[in-house]
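The values are calculated or read from the model by the stated rules, or taken from the named source; none is laboratory data. Remember, it's a predicted structure, so these values are computed and weren't measured experimentally. A quick note on method: Cβ atoms are made from the backbone with ideal geometry, for glycine too, and the neighbour counts reach across all protein chains shown.
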């Protein structure tokens, strides 16, 4: 089947640079590994920029069948967006409008997951424990019901952008001001949960398969036991080790899986996601957030968990395609290329 990998690289195909720019980009090597995996799995692959140039290009590459008008393939969505609010939703919304199937969460799922405050509210309504929190628009906001130390982060960002661990009111106000000024949004302030951090990957739908648990081991750190942006980019000198399978007892493991699946369902996510959970010294779990487009980078927790579950990388990315294709059409993706599309084949790279 034809698979169009859509990602953001240049961020120039817009009418104007207007609004908060996206600080994220999918690593070039990671995108190329996905392309190579899809090809190895039997798919024909093209790669496209997730901007205003996307739809004309996809109209050619995924031309519908003359016989029944069904799309000539689907999109593997890796697009973080170019600019503005809820940027994860922009490419999925364009694809839905154009009638093109795609992997991963819908605009609704990405909206709910990218808003950390909404995620926490939905989780609490579903019976999922989450740290006590406040939302601050600037320095001086009321945190009288919270206990220091506190974790401060932007409301609408991912990858630990702007995250700080603060221990005093002065540090809190500095962190909140930095978020408001740099990221142009409110700050989510929540109680820091000491203890362990566990990442739970989900692969599938209704309800989905939970992958082996991954512990983020902070034992080598004395002061900053939280995942930073540098950690996630593998650029910190004391990056925490990822341990998979995490050494937790069966009862706690079951509880963590239940929390992950409940969060996945509450946020209307699809196909694959990752839920981050802290476990305090008494063994009580607290859901931190859900990543509706879990990183498929080789060094990340999600791919590590998938490997532990027995998936090769090719099997993993093709499984994601099959899950999406089954949602739309009731069966896994075909591997034969329709005859009317063979003349449009192209060689591509990330």
Original post:
Would you call residue 16 closer than 27 Å to residue 161 by Cβ, in contact (Cβ under 8 Å) with a residue 60 or more places away in the chain and not assigned by TED's automatic domain parsing to the domain that holds residue 110?
Top reply: no
Exception for residue 317 within (1) at pLDDT 95 or above; (2) surrounded by fewer than 18 Cβ atoms within 10 Å (Cβ to Cβ); (3) in a helix (DSSP H, G or I) falls at (2)
The residue from 46, 84, 104 that alone is touching a residue at least 24 places away in the same chain (Cβ under 8 Å) and surrounded by fewer than 19 Cβ atoms within 10 Å (Cβ to Cβ) is 84
I'd like to check something: does the range 290-305 contain any residue that is part of a strand (DSSP E or B) and under 26 Å from residue 120 (Cβ atoms)?
yes
Scanning the range 308-323 for residues that are closer than 11 Å to residue 271 by Cβ and free of Cβ contacts under 8 Å to residues at least 24 places away in the same chain gives 322
Would you be able to say whether some residue in the range 8-30 is assigned to a helix (DSSP H, G or I) and surrounded by 14 or more Cβ atoms within 10 Å (Cβ to Cβ)?
yes
How many residues of the range 215-273 are modelled with pLDDT of 95 or more and part of a loop (DSSP other than H, G, I, E, B)? The answer is 11
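So in the range 104-129, with the set limited to residues that are in contact with a strand residue (DSSP E or B) (Cβ under 8 Å, 6 or more places away or on another chain) and not in a loop (DSSP other than H, G, I, E, B), which one is farthest from residue 182 (Cα to Cα)?
Filtering the range 104-129 for residues that are in contact with a strand residue (DSSP E or B) (Cβ under 8 Å, 6 or more places away or on another chain) and not in a loop (DSSP other than H, G, I, E, B), the one farthest from residue 182 (Cα to Cα) comes out as 123.
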